[in-house]
Ligand SMILES: Cc1cc2nc3c(=O)[nH]c(=O)nc-3n(C[C@H](O)[C@H](O)[C@H](O)COP(=O)(O)OP(=O)(O)OC[C@H]3O[C@@H](n4cnc5c(N)ncnc54)[C@H](O)[C@@H]3O)c2cc1C
């Protein structure tokens with residue numbers, strides 16, 4: 001395989017970085033890795049490093065003692081699942097030898113190689129950030145934290161998920177539900193459309209006179225043909241999608257009147273689910289690893305920041321080329337990053353990786369679809385491996401959709417048991 | 001298909017990083033996102049860790065060439081060359 005100039009640069013960056021951050025001499029204490037974010041990326045990377053080299057001291061910093069998973073939280077909103085099934089703790093992570101610290105990271109001293117929490121400072125040889133997303137409270141006029149208590153985003157699972165579910169159950173039959181979907185990039189590209197499907201399913205089965213209006217800032221979206229075929233078949237009277245060019249972009253919202261405004265006018269909603277624009281979790285910005293987009297450019301071999309050596313970033317916070325922001329991606333990146341960190345700590349050269357992503361979406365209880373991809377570093381980014389990946393066939397029979405719904409749930413159980421079990 | 005295992009012995013090195021198992025070849029670590037390594041995990045997705053490499057190679061080849069239908073594996077198997085698939089299969093066979 002011909003080595004491109006970019007991949008040569010990538011390799012030499014990794015080596016230069018290994019030289020800058022050498023493994024502590026044998027007489028010294030074990031190398032220390034600190035990880036921020038006990039979600040899909042961070043918990044996976046912490047455990048994987050410990051598994052690959054038990055001698056490394058690994059500390060995981062997470063703000064909350066209970067993690068509430070977003071994947072499958074759309075089923076909670078649709079009334080098909082209990083929020084408890086989404087929640088996990090860190091007992092098994094501790095048992096795997098990871099030092100779990102419950103607290104919020106508030107600063108990074110990159111030259112001194114320390115991470116700051118309110119009451120403690122943690123020194124590191126390598127820092128891995130997997131902070132997920134922050135919602136941008138400055139991007140959609142009218143939408144801020146207070147507005148979210150009336151017009152839930154439910155884009156970080158937990159109380160917000162319950163709030164949206166409760167608003168839907170409390171709504172009278174005949175009420176209009178409106179969802180606002182942001183432009184790319186955002187967490188979980190097929191997520192809004194899975195949610196739209198499951199809200200429509202709830203309306204069809206429990207509030208048949210109601211309807212969901214999806215106002216979108218885009219003209220195209222993930223698995224679009226599959227979703228739209230399913231909507232035509234399953235929810236012709238309960239779901240309407242308005243594209244960007246049809247006037248779907250929401251320009252402002254008013255929580256007082258539960259109204260969303262587009263170029264074409266005002267839309268009052270009984271229930272409004274506003275998914276705002278997003279950016280990397282705040283600690284990434286504090287660490288200096290975000291660029292003007294609000295996301296983090298990384299080396300696709302090591303996931304080391306392009307901006308600050310010694311700090312790696314994985315998961316939703318990254319600019320990962322063709323890889324979408326998903327839990328599957330975060331877990332897949334975590335394994336590659338863990339292998340690279342272990343190598344770099346040993347002064348060795350990380351290997352060229354390949355990564356996988358698969359996002360299942362549940363459109364109805366017995367109806368699953370998926371998008372899958374295989375990725376490799378090329379031209380300095382993560383690119384699709386040509387000829388691989390794609391979406392479920394458009395003409396698949398009902399039993400194939402049913403099988404994919406079963407595999408979707410199996411995926412959730414398997415990945416959460418690998419990460420938290 | 002004849003498999004030359006000897007070529008891959010080179011991946012089983014004990015490096016300064018203190019790894020006691022071979023480094024996972026490209027892509028192999030991602031399989032466990034769906035194929036549980038934990039025997040206790042209840043899942044309809046078939047177990048692939050600890051399976052004879054030749055079996056895995058055969059099925060993956062059928063997925064890659066669309067000889068065997070599947071929901072998702074055809075799309076994933078096409079992301080790996082014959083050589084990469086072989087390396088993954090041999091590594092998987094060595095996992096518990
Ligand atoms: C509705 C919905 C449905 C989805 N469905 C799917 C799906 O079916 N499949 C799929 O693969 N993905 C899905 N996703 C996407 C998935 O949830 C994310 O991509 C995934 O969680 C990203 O992992 P992460 O590690 O980057 O962030 P997270 O999993 O969000 O973890 C970040 C963690 O960091 C912690 N944290 C942040 N900052 C700090 C700090 N300063 N100090 C301490 N702790 C901190 C947070 O508390 C959080 O626990 C869905 C998302 C949504 C919203």
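The values are calculated or read from the model by the stated rules, or taken from the named source; none is laboratory data. The structure displayed is predicted, hence computed values, not measured ones. For neighbour counting, all protein chains shown are included, and Cβ atoms are generated from backbone atoms with ideal geometry for every residue, glycine included.
When both residues are 6+ apart or on different chains and their Cβ atoms are under 6 Å apart, which pairs have a first residue that lies in segment A:60-77 and is on the phi > 0 side of the Ramachandran plot, and a second that is more than 7 Å from the ligand (Cβ to nearest atom)?
Once the first residue is on the phi > 0 side of the Ramachandran plot and sits in segment A:60-77, its partners that are more than 7 Å from the ligand (Cβ to nearest atom) give A:72/A:412.
For residue A:308, are the conditions met, namely being facing another protein chain (nearest Cβ under 9 Å) and over 14 Å from the mean Cα position of the chain (by Cα)?
Criteria not met by residue A:308.
Within segment A:92-108, restricting attention to residues that are within 14 Å of chain B (Cβ to nearest Cβ) and assigned to a helix (DSSP H, G or I), which residue is farthest from the ligand (Cβ to nearest atom)?
Step by step, filter segment A:92-108, then rank; the result is A:95.
Quick one: how many residues across segment B:31-83 are out of contact with any strand residue (DSSP E or B) (no Cβ under 9 Å at 6 or more places or on another chain), part of a helix (DSSP H, G or I) and within 7 Å of another protein chain (Cβ to nearest Cβ)?
Within segment B:31-83, residues that are out of contact with any strand residue (DSSP E or B) (no Cβ under 9 Å at 6 or more places or on another chain), part of a helix (DSSP H, G or I) and within 7 Å of another protein chain (Cβ to nearest Cβ) number 1.
In segment A:407-417, which residues are buried (at least 20 other Cβ atoms within 10 Å of the Cβ), at the interface with chain B (Cβ under 7 Å from one of its Cβ atoms) and within 12 Å of residue B:38 (Cβ to Cβ)?
A:414, A:415
Given the options A:75, A:117, A:83, name the one that is more than 10 Å from the ligand (Cβ to nearest atom) and more than 14 Å from chain B (Cβ to nearest Cβ).
A:83
May I ask you to list the residues in segment A:290-304 that are touching a helix residue (DSSP H, G or I) at 6+ places or on another chain (Cβ under 9 Å) and either away from the ligand (no atom under 15 Å from the Cβ) or assigned to a loop (DSSP other than H, G, I, E, B) (or both)?
Of everything in segment A:290-304, those that are touching a helix residue (DSSP H, G or I) at 6+ places or on another chain (Cβ under 9 Å) and either away from the ligand (no atom under 15 Å from the Cβ) or assigned to a loop (DSSP other than H, G, I, E, B) (or both) turn out to be A:290, A:294, A:295, A:299, A:300, A:301, A:302, A:303, A:304.
Within the group A:341, A:308, which residue is in contact (Cβ under 8 Å) with a residue 12 or more places away in the chain and in a helix (DSSP H, G or I)?
A:341
For segment A:365-378, check the following and say yes or no: at least one residue is crowded, with 19+ Cβ neighbours inside 10 Å, outside any strand (DSSP E or B) and either over 18 Å from the mean Cα position of the chain (by Cα) or more than 7 Å from chain B (Cβ to nearest Cβ) (or both).
no
Do we find a residue being facing chain B (nearest Cβ under 9 Å), in contact (Cβ under 8 Å) with a residue 40 or more places away in the chain and touching a strand residue (DSSP E or B) at 6+ places or on another chain (Cβ under 6 Å) anywhere in segment A:323-338?
Yes, that holds for at least one residue.
Just checking: which of the strands (runs of 3 or more DSSP E) contained wholly in segment A:131-240 hold 2 or more residues that are more than 16 Å from the ligand (Cβ to nearest atom)?
Strands (runs of 3 or more DSSP E) meeting the threshold: A:176-181, A:211-216.
As an exercise: evaluate residue A:276 against (1) in contact (Cβ under 8 Å) with a residue 40 or more places away in the chain; (2) surrounded by fewer than 19 Cβ atoms within 10 Å (Cβ to Cβ) and give the number of the one condition it does not meet.
(2)
Among the residues of segment A:315-338, is there at least one that is over 22 Å from residue A:115 (Cα atoms), modelled with pLDDT of 95 or more and away from the ligand (no atom under 16 Å from the Cβ)?
No, that holds for no residue.
Considering only residues of segment A:16-47 that are at pLDDT below 60 and in contact with a strand residue (DSSP E or B) (Cβ under 9 Å, 6 or more places away or on another chain), which is farthest from the ligand (Cβ to nearest atom)?
Looking at residues that are at pLDDT below 60 and in contact with a strand residue (DSSP E or B) (Cβ under 9 Å, 6 or more places away or on another chain), I get A:24.
Pull up segment A:379-421, narrow it to residues that are outside any loop (DSSP other than H, G, I, E, B) and touching a helix residue (DSSP H, G or I) at 6+ places or on another chain (Cβ under 8 Å), then point me to the one that is nearest to residue A:67 (Cα to Cα).
A:420
Which of the residues belonging to segment A:58-80 are surrounded by fewer than 18 Cβ atoms within 10 Å (Cβ to Cβ) and more than 12 Å from residue A:157 (Cα to Cα)?
Those that are surrounded by fewer than 18 Cβ atoms within 10 Å (Cβ to Cβ) and more than 12 Å from residue A:157 (Cα to Cα): A:63, A:64, A:65, A:79, A:80.
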